[in-house]
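Worksheet for the structure shown next.
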Amino acid sequence: MTIRINLDVMMAKRKMRLKTLAQAVDITEPNLSVLKNGKAKAIRLSTLDKLCEVLDCQPGDILEFEKQPLNSEPRPVTETA
């Protein structure tokens, strides 16, 4: 299971730059960049609330659940003669 962050998509739809959004949400540009690039491990609900308010969207527009296939575990490598 994976949570995908679509902040870059919402920013593009709203034609909003990282610097402008960071100022509006009151978050540092480097922290917003980590979130935008999908590298964040967590997000505060208050930050998500501000992002939704500024971008005029719903949390589901920014966060997306991606289900992994059940057999997504790597198979062991076996040698054949």
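The values are calculated or read from the model by the stated rules, or taken from the named source; none is laboratory data. Quick caveat, the model's predicted, so the values are computed rather than measured. Because the Cβ atoms are built from the backbone with ideal geometry, glycine has one as well, and the counts that use them run over all protein chains shown. For accessibility, only protein heavy atoms count, side chains too; no ligands or nucleic acids. Shrake-Rupley method; radii C 1.70, N 1.55, O 1.52, S 1.80 Å.
Points worth noting:
- Förster radius 22 Å - calculated FRET efficiency between Glu66 and Val34 (Cβ-Cβ, nearest 0.05): 0.70
- Percent RCO, i.e. relative contact order, over the chain, from Cα pairs under 8 Å lying at least 6 residues apart: 48 percent
- The gain in end-to-end length when the Arg17 to Thr2 segment is fully stretched comes to 2.8 nm, 0.36 nm per residue minus the alpha carbon separation.
- Helices assigned as whole DSSP H runs in the chain whose Cα atoms extend at least 20 Å along their own long axis and whose mean Kyte-Doolittle hydropathy is 0.5 or higher are not found.
- Solvent-accessible area per residue in the chain equals 82 Å², computed with a 1.4 angstrom probe and all protein chains kept.
- Annotation: amide H-H contacts under 5 Å for Leu63 (H modelled 1.01 Å from N, sequence separation of 5 or more, or interchain): Asn6.
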